[in-house]
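K.L.:
I'd like to ask you about the structure that follows.
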Amino acid sequence: MIPIALPLLAEEEADAARAAVLSGWVSQGPQVAAFERDFADLVGAPYACAVSNCTIALHLALAALEIGPGDEVITASHSFIATANCIRYCGATPVFVDIDPGTYNIDPNRVAEAITPRTRAVIAVHQMGMPCDLAALVTLAERHGIILIEDAACAAGSQIRVDGDWDCIGKPHGQIACFSFHPRKVITTGEGGMLTTADAKLDHKFRLLRQHGMSVPDIVRHGSSQVIFEDYLVVGFNYRMTDIQAAVGRKQLERLPELVSRRRAIAARYGELLGNFEGLRLPAEPDWARSNWQSYCVGLPDRVDQRTVMQSLLDQGIATRRGIMCSHREAPYANEKPRHDLQQSELAQDHSILLPIYAQMSKEDQERVGCALRRELQAYALQQAAR
Ligand SMILES: *Cc1c(COP(=O)(O)O)cnc(C)c1O
């Protein structure tokens, strides 16, 4: 069986977890602090705050900005449902706009059309690790005085060219970027998330809110020679990462450049295996973007049935996934008529599939995937020619 994804975890991560377990400090502590420093250094962000996962990183971002009822947040429906749910957690209204079918990312022109006096923020997703058009979105957000949050769940190790230099996603370019370390992403801590920002006040708020609104973190109280009484300054949450996860995360970060370069090679090889197939649309990087290739999504030729192709590949031991979901079609959102046209989002969900990609994928396995998909599509083409 060729899986859709596979994390690369080895002795280094196991040893790091073991050391954390034996250290006597397993909740948020010195390993979390070190992971935050390592991550901030890697992406070039002034501040990084580790949390339990990216869903609550997004919630924390909105909570720290005091976004709430009556506020609108523009985002893509074409994303994992957590992107929309975090807006609902705050009582704010998600306003869905369509994507650019070339990159599967939010279309800045559609964002511009959706801005109203109630718009407080845009959550722009770097979908499947492909950087979205940050230059256009930053300009737009500045012009309208709205906040830009990056859902960078999939985008650790992706890069974007800004003024001639390659920046890491997370630098940050908007006000806040949120990352995930779920095993489906490029690096993992089992569950985990990170917020980066250049704003010291926001970082302070994240730290307060992730730990019950406590004025003094545990680790400070623990290390103090003076008796400290803490205060609870706001209604906070328990959104902490554990030191066991952070210790694993630090080892994963060391691997990140290697993981991304292997994925980039695999994506290039898919291009060679599938490039010349009539009607098959391959993902392509704009010249200002370098994807970490968290996922590899191909658009199927017209009239090819997505489910049939996926089932046939599965029967041959190859796992695939349908295109990224659309939140506006799911129960929590389906009873509201979308304000804006979402045709490209729906087409992308229904007419594309994600192919297996992971750093340790062998050339042979990749060729098997490429050949199986070509055979399947060839059969469709022959059927149609016969009609
Ligand atoms: C995975 C993902 C999330 C959620 O991340 P978790 O760490 O699993 O909570 C949010 N947004 C996008 C775009 C994702 O792909």
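The values are calculated or read from the model by the stated rules, or taken from the named source; none is laboratory data. This is a predicted model, so every value here is computed, not measured. Cβ: placed from backbone, ideal geometry, glycine included. Neighbour counts: every protein chain shown.
K.L.:
Criterion first (surrounded by fewer than 24 Cβ atoms within 10 Å (Cβ to Cβ), at pLDDT below 95 and farther than 26 Å from PRO356 by Cβ) does ASP163 satisfy it?
P.N.:
Yes.
K.L.:
Shifting gears a bit: Checking GLY223 against (1) surrounded by fewer than 17 Cβ atoms within 10 Å (Cβ to Cβ); (2) in contact (Cβ under 8 Å) with a residue 24 or more places away in the chain, which test does it fail?
P.N.:
Only one criterion in (1) surrounded by fewer than 17 Cβ atoms within 10 Å (Cβ to Cβ); (2) in contact (Cβ under 8 Å) with a residue 24 or more places away in the chain is unmet by GLY223, namely (2).
K.L.:
Of a type in the set (A, V, I, L, M), over 21 Å from VAL95 (Cα atoms) and outside any helix (DSSP H, G or I) - does that describe any residue in segment 309-325?
P.N.:
Scanning segment 309-325, I find at least one residue that is of a type in the set (A, V, I, L, M), over 21 Å from VAL95 (Cα atoms) and outside any helix (DSSP H, G or I), so the answer is yes.
K.L.:
Please find, among CYS132, CYS154, the residue that is within 15 Å of the ligand (Cβ to nearest atom), in contact (Cβ under 8 Å) with a residue 60 or more places away in the chain and crowded, with 24+ Cβ neighbours inside 10 Å.
P.N.:
CYS154
K.L.:
Looking only at segment 211-232, decide whether some residue is of a type in the set (Phe, Trp, Tyr), within 16 Å of the ligand (Cβ to nearest atom) and either farther than 15 Å from GLY129 by Cα or out of contact with any Phe, Trp or Tyr (no Cβ under 7 Å at 6 or more places or on another chain) (or both).
P.N.:
Checked segment 211-232: no residue is of a type in the set (Phe, Trp, Tyr), within 16 Å of the ligand (Cβ to nearest atom) and either farther than 15 Å from GLY129 by Cα or out of contact with any Phe, Trp or Tyr (no Cβ under 7 Å at 6 or more places or on another chain) (or both).
K.L.:
In this structure, does GLN344 turn out to be in a loop (DSSP other than H, G, I, E, B), within 22 Å of the chain's Cα centre (by Cα) and not small (Gly, Ala, Ser)?
P.N.:
Taking the combined requirement at face value, the residue does not satisfy it.
K.L.:
Only one residue in ARG329, ARG375 is assigned by TED's automatic domain parsing to the domain that holds ARG262, in contact with a helix residue (DSSP H, G or I) (Cβ under 8 Å, 6 or more places away or on another chain) and surrounded by fewer than 16 Cβ atoms within 10 Å (Cβ to Cβ). Which one?
P.N.:
ARG329
K.L.:
Only one of these is over 30 Å from LEU382 (Cβ atoms) and in a helix (DSSP H, G or I): ALA246, ALA268. Name it.
P.N.:
Criteria check complete, one pass: ALA246.
K.L.:
Working only within segment 265-295, note down all residues that are over 22 Å from the mean Cα position of the chain (by Cα) and among the acidic types (Asp, Glu).
P.N.:
GLU272, GLU278
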